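Computed from the coordinates by the stated procedures, all read-outs in this text should not be read as laboratory data. Keep in mind it's a predicted model, so treat the numbers as computed, not measured. Neighbour counts run over all protein chains shown; Cβ positions are idealised from the backbone, glycine included.
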Amino acid sequence: MDEKQNLITIARMGAFYNFCKYNTRLTAHIYYKNIIVNGSENIPKDKPVLLLPNHPNSFLDAVIVGASIHRPTYFLARGDAFNSKIANPILRSLNMLPVFRLSEGKENLTRNTETFDACQDILEKGQIVLLFPEGVSENNWALRPLKKGPPRIARKAWMSDTLANDMVVVPVGLTYEHYKAGGKTILVQIGKPLHKTDFDYTSNEAAFVKQFNDRISLELSQLAYYNPEMKNGDEAHMEYRGKLQKYAATEKQVPQILGKLNQSEKGLHVGNARFAEWSILFFPLYRLSTWLSPKIVKQGIFYDSICFGLFLFLWPIYLVVLGLLLSLIF
């Protein structure tokens, strides 16, 4: 079995994926204060889809988007995360495929061809591939320049004589209140599908890449909150948090919330209640997750993802152990 087929075979461990997907939905409502998802109807039920979200929060972005839609999804993630003997099988069983950057070694770049071939096979089967067009992730509220990978995948699909020719591109906007573990508000806005007729994909590749990325940048700029000057914890961020908490509690439509976030409104109260403060039952597990996260991965960009991941996998075990302890006591 070649590497491409191996990637797809490993990613089809459906039982574990489905368990994690529904467990993620449940856990997210326990772990976060408020998650508002709009636009799920924009993902067609019977066509291949290329999902293109913005990328402010590492693996958590894929987890949140994947849990927010009904169809199974394949994800492209940074290749160095697959180097761990523990993380590799877990990531692959969650439908994740590796993409390597030049900083991870020139010798690894050829492996991207195998991953992109696997993406083409997935699209030819009428399924969903999620890819972050920014490539890199940073904990901020900026939209970074888009990479060439997504338009190349889209062009190859549209120029094929397979089911992938009918693929649609769906941009997704993610907005986080902060990047410091639980208790936050998250907005997910799934955009309208873009079809091959929206692009001149038969033009030369360089022209198409620019046209495609310009359009996706425009779409993403309208689907999430962006303020590249805002820094975590500064005055602008505290005002933003106050507005987000206020309008997420009263509005149920992400576009309306985003519109109000761009209006200046001083003096709003910022609720600092974190997960541990309003959930006595899960307090020990939450504290364990936040303590272990920086010890497992030193890079701060992964902090939020690891915290949630630990809680996601450990809370069922935690409840069983807690129940056994209580049965012994009483």
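Binning the alpha carbon pair distances of the chain at 10 angstrom intervals from zero yields the distribution 5, 25, 34, 24, 10, 2, 0, 0, expressed in whole percent.
Loop-located trypsin sites (Lys or Arg not before Pro) in region 65-99 (DSSP state not H, G, I, E or B) with no more than 11 neighbouring Cβ atoms inside 10 Å: K85.
Could you list L322, L285 so that the one with the fewest beta carbons within 10 Å of its beta carbon is first and the one with the most is last? Kindly include the intermediate steps, with their values, before the conclusion.
On the way: L322 14, L285 21.
Lowest count first: L322, L285.
For region 181-195, the Karplus equation 6.51 cos²θ - 1.76 cosθ + 1.60, evaluated at θ = phi - 60°, returns couplings of 6, x, x, 9, 9, 10, 10, 10, 10, 8, x, 5, x, 9, 10 Hz by residue, with Gly and Pro reported as x. Put in line by how crowded their Cβ is, counting other Cβ atoms within 10 Å and starting with the fewest, F19, F212, F100 read F19, F100, F212.
If you filter region 225-330 for trypsin sites (Lys or Arg not before Pro), then keep DSSP loop positions with at most 14 other Cβ within 10 Å, what is left? Walk me through the numbers on the way to the answer.
Numbers: sites: K231, R241, K243, K246, K252, K260, K266, R274, R287, K295, K298; in loops: K231, K252, K266, R274, K298.
For trypsin sites (Lys or Arg not before Pro) across region 225-330 that sit outside H, G, I, E and B with at most 14 neighbouring Cβ atoms in 10 Å, the list reads K231, K252, K266, K298.
Remark on I128: its backbone amide H falls under 5 Å from those of V49, Y74, a criterion applied only to residues 5 or more positions apart or on other chains, H modelled at 1.01 Å from N.
Taking the helices alone, the chain has a mean residue ellipticity at 222 nm of -15000 deg cm²/dmol, built from -39,500 (n - 2.57) per DSSP H run of at least 4 residues and averaged over all its residues. Each part reduced to its alpha carbon centroid, region 312-329 and region 158-236 end up 41 Å apart. Residue order for Y32, Y247, fewest other beta carbons within 10 angstrom first, comes to Y32, Y247. Bridging of K298 to aspartates and glutamates at a Cα separation below 20 Å is possible for D61, D80, E104, E138, once same-chain residues fewer than 8 apart are set aside. Here the simple spin-label model places points 7 Å from the Cα toward Cβ, and for V136 and Q253 these points are separated by 3.8 nm.
Summary of packing: across the peptides 113-121, 127-135, the per-residue average of other C-beta atoms within 10 Å ranks them, highest first, as 127-135, 113-121. For the chain, a crude dipole built from +1 on the beta carbon of Lys and Arg and -1 on the beta carbon of Asp and Glu, taken about the Cα centre, is about 560 debye to the nearest 20. Partner lysines whose Cα lies under 21 Å from the Cα of K196, excluding those fewer than 8 positions away in the same chain, are identified as K45, K47, K125, K147, K148, K156, K210.
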